[in-house]
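**Q** Take this structure, written in structure tokens, and hold onto it; I'll ask about it next.
The values are calculated or read from the model by the stated rules, or taken from the named source; none is laboratory data. Note that the coordinates shown come from a computational prediction; the quantities given were computed from them, not determined experimentally. A quick note on method: Cβ atoms are made from the backbone with ideal geometry, for glycine too, and the neighbour counts reach across all protein chains shown.
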Amino acid sequence: MKKIFLFLLLVFNLLFLNSFSFAKINIAAKTVILQDYLSGDILYEKNADISIYPASMTKIMTSIIAFDLLKKGELSLDEKFIISENAWRLSSAGYSSMFVMIGDEVSVENLLKGIIIASGNDACVALAEGIAGTEEEFAIMMTEKALEIGMENSNFSNSSGISDPDNYSTVRDILIMSKYLIKNYPKYYEYFKIKDFTWDRTGGDPIKQGNRNPLLYKNIGVDGIKTGYLGSEKYSLASTLKKKERRLIAVGSGFLTKNSRSKQSAKLLIWGLTKFDTIKINEKDSTLTELDVWHGKKNKVKVHINEDIYKTIPKAKKRYLKVKINYEGPIPAPIKKNQILGKLQVFFKDENIGTYDLLASENVKKTNIISRILNSVNFLIWGDV
């Protein structure tokens, strides 16, 4: 006997539902993408897979390599690296710089602040050489990490993002990289929202530099992550906004001006926040429901899904969101914990937007032969177990 349970995810009084008319947004950039962090749903994209030169957004991966080693205990924030001539040259050649000097001993923490806040190319080279010996070896580590986390269309040839045809990516890949950083290194991600950094340099007055991310200075909830600029690529920005439980991540490249980069990125983030809701459908490993059992020492078995499930939908459209539980029941015992017993399907306007395994939360042993015979007789007489 097949049992299908249909649940309305949320019950609404239709009188309180607003009617939204969703005009399509237009973002003035060559390539751009917007994602809801919790659901993973892409809310907007434009040419998201064309190849770009990521410029200083490359520094996100440079930071990830260091954060990875810090997390593993293979590097410490107070460890110091000696500044080489290679690193120093980038501080004296018109690039964005931390302004380190040859022979300086600079802590990993200060180098990270110089990279993240001041966008210092010199700090990138110093960190890369300190970790891997050479910047070339460090770039190999960056590309390997990119492949590991699912960046399929990226290659890194340097640590700073200075112009190089072999240093390329896509906004979709940079989104993957940004989300990975936020999710896996929350402690170190805090550096990205610091608004200024003062470097007490050798042989001169301290230099105070502000964070290059223009959205940090707007009261819209942005807490990261990284700007970029190359003459061939124009202006770029990976940014993220957090309001209560929601987080949105946007990446854009090919903005024609600094002002356009700031306005268009803010416009996209606010649009995603105000025009969509993110709904929590399931909490990982919590009991979702109970299913009928046949010939078991229990008549019911609890089931769960082993992941959090969120879905992002247009505002005022929650009434169209439904979940359906499908299983062939009653389920014969014995049942083993984590055995797949059925499926949960999520629908929006009758379109399936997700299917997930229902797992047994417990073991259910089979009853003895006498109990099974009695159950079978009851079923034949009464049509039920």
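**Q** PRO206 fails exactly one of the following numbered conditions: (1) surrounded by fewer than 16 Cβ atoms within 10 Å (Cβ to Cβ); (2) assigned by TED's automatic domain parsing to the domain that holds ASP49; (3) touching a residue at least 12 places away in the same chain (Cβ under 8 Å). What is the number of that condition?
**A** (3)
**Q** Of all residues in region 288-298, count the ones that are in contact (Cβ under 8 Å) with a residue 40 or more places away in the chain and under 15 Å from TYR327 (Cβ atoms).
**A** Total meeting the criteria: 7.
**Q** Looking at (1) of a type outside the set (D, E, K, R); (2) within 30 Å of VAL346 (Cα to Cα); (3) not assigned by TED's automatic domain parsing to the domain that holds PRO332, find the lone condition where SER265 falls short.
**A** (2)
**Q** Still on this structure: Looking at (1) aromatic (Phe, Trp, Tyr); (2) exposed (fewer than 13 other Cβ atoms within 10 Å of the Cβ); (3) over 25 Å from PHE99 (Cβ atoms), which one does TYR217 not meet, given that it meets all the others?
**A** Of (1) aromatic (Phe, Trp, Tyr); (2) exposed (fewer than 13 other Cβ atoms within 10 Å of the Cβ); (3) over 25 Å from PHE99 (Cβ atoms), only one is false for TYR217: (3).
**Q** Give GLU190, GLU233 a once-over and let me know the one that is more than 13 Å from ALA118 (Cβ to Cβ), charged (D, E, K, R) and touching a helix residue (DSSP H, G or I) at 6+ places or on another chain (Cβ under 9 Å).
**A** Testing whether each residue is more than 13 Å from ALA118 (Cβ to Cβ), charged (D, E, K, R) and touching a helix residue (DSSP H, G or I) at 6+ places or on another chain (Cβ under 9 Å) leaves just GLU233.
**Q** Sticking with this structure for a sec: Condition (residue is modelled with pLDDT of 95 or more, of a type in the set (S, T, N, Q) and under 31 Å from the mean Cα position of the chain (by Cα)) applied to region 82-94: is it met by at least one residue?
**A** Within region 82-94, not a single residue is modelled with pLDDT of 95 or more, of a type in the set (S, T, N, Q) and under 31 Å from the mean Cα position of the chain (by Cα).
**Q** Identify, by number, the condition in (1) surrounded by fewer than 22 Cβ atoms within 10 Å (Cβ to Cβ); (2) free of Cβ contacts under 8 Å to residues at least 40 places away in the same chain that ASP49 doesn't meet.
**A** Condition (2) is where ASP49 drops out.
**Q** Can you name every residue in region 60-91 that is aliphatic (A, V, I, L, M), closer than 14 Å to ILE115 by Cβ and assigned to a helix (DSSP H, G or I)?
**A** Across region 60-91, the qualifying residues are ILE60, MET61, ILE64, ILE65, ALA66, LEU70, ALA87, LEU90.
**Q** Turning to a different aspect of this structure: Show me the helices (runs of 4 or more DSSP H) found entirely inside region 109-210 where at least 1 residues are over 19 Å from SER84 (Cβ atoms).
**A** 135-148, 171-184, 186-189
**Q** So is LYS343 assigned to a strand (DSSP E or B) and of a type in the set (D, E, K, R) or not?
**A** Yes.
**Q** Looking at LYS71, LYS80, LYS59, which is the one that is within 22 Å of ILE207 (Cα to Cα), among the basic types (Lys, Arg) and surrounded by fewer than 16 Cβ atoms within 10 Å (Cβ to Cβ)?
**A** LYS80
**Q** Looking at GLU109, GLU144, GLU129 in this structure, which one is more than 19 Å from ASP164 (Cα to Cα) and of a type in the set (D, E, K, R)?
**A** After ruling out the rest, the residue left standing is GLU109.
**Q** Separate question: Please tell me if ASN352 is closer than 30 Å to THR31 by Cα, touching a strand residue (DSSP E or B) at 6+ places or on another chain (Cβ under 8 Å) and either assigned to a strand (DSSP E or B) or hydroxyl-bearing (Ser, Thr, Tyr) (or both).
**A** Yes; evaluated as a whole, the condition is true for this residue.
**Q** Filter region 21-46 for residues that are aromatic (Phe, Trp, Tyr) and surrounded by 16 or more Cβ atoms within 10 Å (Cβ to Cβ); which is nearest to ILE281 (Cα to Cα)?
**A** For region 21-46, the residue satisfying everything is TYR37.
**Q** Another question, then. Would you please list the contacts, defined by Cβ atoms under 6 Å and residues six or more apart or on different chains, that run from a residue in region 214-232 that is part of a loop (DSSP other than H, G, I, E, B) to a residue that is of a type in the set (D, E, K, R) and at pLDDT 95 or above?
**A** Every condition considered, the pairs that remain are GLY221/LYS242; GLY221/LYS243.
**Q** When the residues of region 139-154 are filtered to those that are surrounded by fewer than 23 Cβ atoms within 10 Å (Cβ to Cβ) and over 20 Å from the mean Cα position of the chain (by Cα), which remaining residue is farthest from GLU79 (Cα to Cα)?
**A** Applying the filter and picking the extreme gives ILE140.
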